[in-house]
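J.: Following this message is one structure expressed as structure tokens.
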Amino acid sequence: MAITHATDQTFANETGSGLVLVDFWAPWCGPCKMIAPVLEDLDSEIGEKVKIVKVDVDENQETAAKFGVMSIPTLIVLKDGEVVDKVIGFQPKEALAERLQQQF
């Protein structure tokens, strides 16, 4: 699967079903730039089990506020639209993969 970019308007449709990893990020954020290739790798390895959705917090403040995003990157794991995990800050690929596999 490819990584999807969601907006305040499309978020519910993109994340309503299945296992979804949401990356709240911004173009100016250094750690967000560091985690982008990690998410690309995860998508190529387990993308059939987990949908990855990116939300630009500058352009989609409503969604970021709804999930209480105070610092970025914030990664939220949703299962059928419900929050099951939340990670703040850069995470190595192995740590993220392990957290996701607990939700399979």
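J.: List the pairs whose first member sits in the range 63-85 and is closer than 11 Å to Thr15 by Cα, whose second member is exposed (fewer than 12 other Cβ atoms within 10 Å of the Cβ), and whose Cβ atoms are under 8 Å apart, counting only residues at least 6 apart or on separate chains?
T.: Asp80/Gly16; Gly81/Ala12; Gly81/Gly16
J.: Give the range 59-68 a look and list any residue that's closer than 16 Å to Pro27 by Cα and not acidic (Asp, Glu), or say none.
T.: Asn60, Gln61, Ala64
J.: Filter the range 18-48 down to the residues that are among the small types (Gly, Ala, Ser) and assigned to a loop (DSSP other than H, G, I, E, B), then identify the one that is nearest to Gln103 (Cα to Cα).
T.: The residue in question is Gly18.
J.: Considering only residues that are in a strand (DSSP E or B) and aliphatic (A, V, I, L, M), which ones fall in the range 53-78?
T.: Val53, Val55, Leu75, Ile76, Val77, Leu78, listed by residue number.
J.: So, one more: Determine whether the range 3-12 contains at least one residue that is at pLDDT 95 or above, part of a loop (DSSP other than H, G, I, E, B), surrounded by fewer than 19 Cβ atoms within 10 Å (Cβ to Cβ) and under 12 Å from the mean Cα position of the chain (by Cα).
T.: Yes; the residues of the range 3-12 include at least one that is at pLDDT 95 or above, part of a loop (DSSP other than H, G, I, E, B), surrounded by fewer than 19 Cβ atoms within 10 Å (Cβ to Cβ) and under 12 Å from the mean Cα position of the chain (by Cα).
The values are calculated or read from the model by the stated rules, or taken from the named source; none is laboratory data. Quantities reported herein were computed from a predicted structural model and do not represent experimental measurements. FYI the Cβ positions are ideal-geometry reconstructions off the backbone, even for glycines, and counts take in every protein chain you see.
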